[in-house]
Each structure stands twice: as structure tokens, then as C-alpha cells.
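Asker: I have a structure I would like to understand better, so I am pasting it below and will then ask my questions one at a time.
The values are calculated or read from the model by the stated rules, or taken from the named source; none is laboratory data. Remember, predicted model here, so these are calculated numbers, not experimental data. Neighbour counts are summed over all protein chains in view; Cβ atoms, including those assigned to glycine, are modelled from backbone coordinates with ideal geometry. Calculation scope for accessible area: heavy atoms of the full protein, side chains included, ligands and nucleic acids excluded. Shrake-Rupley method; radii C 1.70, N 1.55, O 1.52, S 1.80 Å.
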Protein chains: 2
Amino acid sequence: MGSEVRAVSAEQVALRDRLIDAGHLIPSGVDGVYGHSAAFEDLREALGTRISAEARTRGATRLTFPPVLPVRQLEATGYLANMPHLAGTVFSFDGDDAAAAVQGTRASAHEDWSEFQAPTGVALMPAACYPVYPALARRGPLPAAGAFIDAGGAWVFRHEPSTDPARRQIFHQHELVRAGTPETVLQWRAQWAQLGLDLLTGLGLEARLDRANDPFFGRRGRLLAANQRAQELKLELLVPIAGPEPTACASFNHHLDHFSSTFAITGAGDDPVHTACLGFGHERIVLALLARHGLDPDRWPAEVQDRLGAPR
Amino acid sequence: MGSEVRAVSAEQVALRDRLIDAGHLIPSGVDGVYGHSAAFEDLREALGTRISAEARTRGATRLTFPPVLPVRQLEATGYLANMPHLAGTVFSFDGDDAAAAVQGTRASAHEDWSEFQAPTGVALMPAACYPVYPALARRGPLPAAGAFIDAGGAWVFRHEPSTDPARRQIFHQHELVRAGTPETVLQWRAQWAQLGLDLLTGLGLEARLDRANDPFFGRRGRLLAANQRAQELKLELLVPIAGPEPTACASFNHHLDHFSSTFAITGAGDDPVHTACLGFGHERIVLALLARHGLDPDRWPAEVQDRLGAPR
């Protein structure tokens, strides 16, 4: 494998164990896949409601999408070349009665039955903004003011099993997407970088903004990452959760014309169309809050509870 | 393929087209995978809130789970033998820089790159109750009153692409699960069959309860289905959506000791532990409401709006 192995710290594993003991995380038997307590979900949903309210106030339209997308769409974006190690593709049984019987027997003995599986044409959602671009393109040319979509807290998949409770194989990414002129999009990203910082610091978290890069794969990936940093295309909000380094809890991505040209999103006039997105990691923010304010949300500072607007 | 092909009626396709024109469904390019408008999601969430409130009143504890589960768990339940055609398994890239380059080139040309994909150890959730059983087992012996879990409206996957808008590859199933003595579980199922009927008829839908069977695969499946019907293990609430036949919008399943023995859920005393589950199909119920009351929820009868408790 050409991808870097992420180190997991003792503090991260200790936090995971405390969260499991408190019932907030329900282990599935596979690293990075957890169920949640009602209290955890109440916090996560309150956070999502808060983010969506901020977006609606600023003119966002809400659209929601499922956790799978057409493979053809993933093929079109370059994701399978740039981040192949993270993508999950969906296979299903392709055979007759006899094959089903053999698959069933092997499965109950926990033996390999993958030879009976074939690609289905869908893949797991790699980023919650992906289905927004073809949906925008379907509508025809953008209005003069461009478009602002709130895709809500949607499930995304990354194949990177880890014992760090903040590194999930499947998690909620709350994506806001802006499309419009290059200037509109750049201003929007700057505005939301500040709004995101205010939101997290308002909840008592020590957040700071930094430039970042995507976890591109292999040797070619190191070049892509260096480019992305040099052009300041990706910013992240870093927040302490557990371990020596803070964790990225939100990212602000400027795509230039990558998605608008891939999906043929056209503008009102002659200006090129650019896009940007902002993704909040719901679970990471809830983990940061639990790590900061304690595992019992009823005992959090009243002002944090009020600002989150959690029902209690 | 040994599975039956489901016929799709002209009315079903016409409803899908009307929903797309109205913006409620956003086609993805793959049959049975859609995005939703804000209005559709508001209705779906209001329905979920209403079901969860009914369950909470009757003592349910809420737990939530992601759209994937360990393959080992799917292997243990017999799903891969009984319904192999519906299961989705997750594969991911397994290779080096050179393989990633070939996969990327083939992907951008929409050619076959499945040879670079290997099983990951997770599968898509086949039914929203599946992760509840090992979660219950982890807690040790059940209390005397058994357990009642609300797993919320969770995403489940079924590999059956269709142009019927009510037959999705991925949709929200709202599962309530009861574990306890055989008598407790049977009474609970009877109680909830009536509550479910009342809920749907209260929303102006013509619902009726009928016995049913799961879509088991192939020749062996026909036997399993006949058994299930003979023992009245599966009941469904049927509601008109589109087409000549009504559509199953909820199902009530009695598992006897299938899950309790598979996952070693033990009871308080010597009585055997049985389980039952009730799954509401969120999208199907919203489709039934739109088909019955019209595509603009603001113009629905006030009493339906009130009973749903939709925010407006």
C-alpha cells in the first residue's frame, strides 16, 4: 500500500475506551464503525440544526442525498486515481441457485466468498458535496447570484480503519456548497472560514484555522498535496480532541473549475464558474465537545448548551 | 439470476416523473438512488420524530447505527445464503502506485477496474435492526422486562434497481426492536401492528394489515417464504402509492430465537429469549402521503399536517 499509516496515540485509544464505557460509542467489531447513544445523537443533531440555521439565514437551499452515488460519477471526478485507498465500491452477488448455496456455506464458515461478488454500479459517498454538482448542472445555467446549497449532515465513507475514535470509516459530513463567479466563491469561503471559527470557539473549543492538503495517494499524491498547499486551496479548522496534535473538524475547499467543468455547470454570463465547499465533521465536533466539557452533556456549561440549542 | 424481476407499472413511472418535475426527487443517474428536496426531507423527518415519540412514550431507548456493518455479522445471520441478491458488500482498492495509475486511467475511460478491488470487511446495512442484536448482547443478560430499542430512521441498502420510486436501492428504515420472553414479544408485535395501522390511517392513508414473506432467493427461498407465511412470522401494512397493488410501508417481523441465539442474547430467567422488529419505510410513507394529498404539503388537509407535526 502506498498510503501513509496514521499513528494512533495512547490518549486517542483511552478516549475511545472511556466513550465506550460511558455508552456513547457502541463498538461494531470493526475499527472505525460505531453506533451512538441517544445523548451523542442529540448533540450531533443539535449541531446539524445549528449549522443549517446559519446557512439558511445566509440564503442556502437544503438538498439531501443518500450514502451511495453512481460509480460513473466517481470515475468522472478523478477520485479513483487520486484517493483510491479511501474509496469504497459496492459489490453484490451475481450467480444462480448453486452459486448462492456455495456462497452461503462459505459465509457461515467465515471463508472467502468474494468470487461471487460483482460491481453494482454504485459506490459509497466519498464526500457529501459530490452529488450537489450534477444536481446543480441539471437546473441549467446558474442565476446571477450563483447557488448556495446546504447538503446537511450526510454519511460519507473512507476506508481507513483506525482505533482513533475521531477517524471513522463512516461518519457525518455536513457540507455547504457555493457555486458562482470566482470572486463570489472566494469571498464566500473567507466568510465561512470566519463563521466556522466563531461557531466552534463559541462552543468553548480552542479552534484555529490552518492551511492543509487532502490525503492523496502515493508518490503522485505528494505532488498534488504540495500544489494544493501552495495555492491555499484547502483550509482546516483544527481543534484538540485527544493526543499530541489537534484534529481537523472542518475543511474549506476551493475547487477552482474542477467540478464546474467536470459536470458542466454554467453561469449566467461570460464569467467562469468556480465552486467551493465547507465540510463540518459532525462526529469530530461532538467528540471535541465531550473531550473538552466532559462525557455528561447535562453538566456542560449552560452557555455551551444554549449556543448549541440542544433539546434537554 | 434466480430472483424474480419486479414488474413496474406505468403509474409508478408516471409518479416518479411527476416527483422529479416537482423537484422532490433528484435523479442520480442510477435507478433507485435519489436526492430529496427540503420539503420531502421535512416530511420524512417529521414522520421519524412522530414514530420515535410514540416509541419513547412506551419505554424505548434510542440507539443509532451507521449504514455499514461488519461482514462477519452478515455472515453469522444467514443473510448471504437467504437474500444474496439484495446484499451489498464494500470493496476497496488494494494495490501500489502502479496499480493506482492503471485503475485511475481505466476509471476515467469508464472501463472495468474491478480487478484492483478487494473486500474490506464491511457490508451495507441490509436491515436497520441488524446492529441492535449484538449491541443488546454486549450489555449482558436482559432485565426482566426485556429490552425495547428505537434504532431511528437508518439507511439500508437493497440491490434491486427499479424505476418504481417506492423501490429504492437505499432508503430509511425506521426500526423498533423488542427482545424478551416469547409472550412479551408476541404481545408487543400485536400492539404495534395496531399502533402502526392507527398512525397511517390517522394521516389519511388507506392502510391494511396482511401477512407477508421476505424476498428470499431462488428455489430454496420459495420454501422459506412458504414457511414464513404459514407461521405468520411477517406482517405488513399495505398502502396505495401508485399502480394496481398497494405497497408495503411497514413490516412486523417475529424472529423467534433466530437473532437471540445467533448473537447469544440471554434473558433474566429460564425463559427463552425471542425478538421481533417493526420497520417503517420512511420514503414509502412520504410517497404515499404525496400521492394521496398532493405534491404540495402546504396544501394538505390541516389535520394531516397537525398529526404529522411537520414544522411549517
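Asker: Of all residues in the stretch A:79-100, which are surrounded by fewer than 17 Cβ atoms within 10 Å (Cβ to Cβ) and more than 7 Å from chain B (Cβ to nearest Cβ)?
Answerer: Residues satisfying the conditions are A:Asp94, A:Ala98.
Asker: What about A:Ala76, is it free of Cβ contacts under 8 Å to residues at least 40 places away in the same chain and more than 7 Å from every other protein chain (Cβ to nearest Cβ)?
Answerer: Details: free of Cβ contacts under 8 Å to residues at least 40 places away in the same chain: no; more than 7 Å from every other protein chain (Cβ to nearest Cβ): yes.
The answer is no for A:Ala76.
Asker: Give the stretch A:3-49 a look and list any residue that's open to solvent by 20 Å² or more (accessible area, probe 1.4 Å), out of contact with any helix residue (DSSP H, G or I) (no Cβ under 7 Å at 6 or more places or on another chain), assigned to a helix (DSSP H, G or I) and facing chain B (nearest Cβ under 10 Å), or say none.
Answerer: Scanning the stretch A:3-49 gives A:Ile20, A:Ala38, A:Asp42, A:Glu45.
Asker: Here is a follow-up. How do the pairs read when you match residues in the stretch A:183-212 that are free of Cβ contacts under 8 Å to residues at least 12 places away in the same chain with residues anywhere that are open to solvent by less than 70 Å² (accessible area, probe 1.4 Å), using Cβ under 7 Å and keeping only pairs 6 or more apart or on different chains?
Answerer: From the stretch A:183-212, the pairs are A:Thr201/A:Ala207.
Asker: Assess whether A:Pro119 counts as being under 27 Å from the mean Cα position of the chain (by Cα), over 28 Å from A:Thr49 (Cα atoms) and open to solvent by 30 Å² or more (accessible area, probe 1.4 Å).
Answerer: Spelling it out, A:Pro119 is indeed under 27 Å from the mean Cα position of the chain (by Cα), over 28 Å from A:Thr49 (Cα atoms) and open to solvent by 30 Å² or more (accessible area, probe 1.4 Å).
Asker: Assuming B:Arg307 fulfils every condition listed in (1) among the charged types (D, E, K, R); (2) at pLDDT below 95; (3) in contact with a strand residue (DSSP E or B) (Cβ under 8 Å, 6 or more places away or on another chain); (4) surrounded by 15 or more Cβ atoms within 10 Å (Cβ to Cβ) apart from one, which condition is it?
Answerer: The number of the failed condition is (3).
The rows are residues; the columns are (1) over 25 Å from B:Val68 (Cβ atoms); (2) modelled with pLDDT of 95 or more; (3) open to solvent by 40 Å² or more (accessible area, probe 1.4 Å); (4) in the same structural domain as B:Ile285 (by TED's automatic domain parsing).
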position: B:Arg158; (1), (2), (3), (4): no, yes, yes, yes
position: B:Ile170; (1), (2), (3), (4): no, yes, no, yes
position: B:Leu176; (1), (2), (3), (4): no, yes, no, yes
position: B:Trp192; (1), (2), (3), (4): yes, yes, no, yes
position: B:Ala212; (1), (2), (3), (4): yes, no, no, yes
position: B:Phe216; (1), (2), (3), (4): no, no, yes, yes
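Asker: Something else: Taking the conditions exactly as written (assigned by TED's automatic domain parsing to the domain that holds A:Arg16 and in contact with a Phe, Trp or Tyr (Cβ under 8 Å, 6 or more places away or on another chain)), does A:Arg139 satisfy them or not?
Answerer: Values: assigned by TED's automatic domain parsing to the domain that holds A:Arg16: yes; in contact with a Phe, Trp or Tyr (Cβ under 8 Å, 6 or more places away or on another chain): no.
For A:Arg139, the condition - assigned by TED's automatic domain parsing to the domain that holds A:Arg16 and in contact with a Phe, Trp or Tyr (Cβ under 8 Å, 6 or more places away or on another chain) - is not met.
Asker: Another question about this same structure. Of the residues A:Ala276, A:Ala225, A:Ala250, only one is open to solvent by less than 20 Å² (accessible area, probe 1.4 Å), of a type in the set (A, V, I, L, M) and in contact with a Leu (Cβ under 6 Å, 6 or more places away or on another chain); which?
Answerer: The unique qualifying residue is A:Ala250.
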